[in-house]
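Structure record follows, encoded as structure tokens.
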Amino acid sequence: MLVEQVTSLTDFRSNPDYYFEELSKNQQPLLLTRRNKSSAVLLDATLYQTLLEQIAFMKSVADGLEDVRHNRLCSMDEVFDSVERIIVEAEKQ
């Protein structure tokens, strides 16, 4: 994801409704500058949620790869047995 839209904090403050509409329409982040330096990035809430989900997925993959590297594995039979035990215990309650 590239930041294509850049504006100064002063411009943003003068017309926030315009920038919020652009964020929603374009689904692209807005880089806010202060004194000609990057200061903050503004994201549409949907885009932000998507990014959080992507980060969580990538972390899960990295965790899984780490488990493989350290031989923290179990067979499918062990997984199914474990799930079956959980179901049986849940049905007892």
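The values are calculated or read from the model by the stated rules, or taken from the named source; none is laboratory data. Predicted model only: the values in this text are computed from it and were never measured. When we count neighbours, we look across all protein chains shown, and the Cβ atoms used for this are built from the backbone with ideal geometry, even at glycine. In case anyone asks, the SASA skips ligands and DNA or RNA and just uses the protein heavy atoms, side chains included. Shrake-Rupley method; radii C 1.70, N 1.55, O 1.52, S 1.80 Å.
Condition first: more than 12 Å from the chain's Cα centre (by Cα), exposed (fewer than 10 other Cβ atoms within 10 Å of the Cβ), of a type in the set (Lys, Arg) and closer than 30 Å to Glu22 by Cβ. Can you find one or more residues in segment 33-41 that meet it?
Taking every residue of segment 33-41 in turn, at least one turns out to be more than 12 Å from the chain's Cα centre (by Cα), exposed (fewer than 10 other Cβ atoms within 10 Å of the Cβ), of a type in the set (Lys, Arg) and closer than 30 Å to Glu22 by Cβ.
Report every pair of residues separated by at least 6 positions or lying on different chains whose Cβ atoms are under 8 Å apart, first residue within segment 4-29 and at pLDDT below 95, second of a type in the set (Ser, Thr, Tyr) and open to solvent by 60 Å² or more (accessible area, probe 1.4 Å).
Gln27/Thr46
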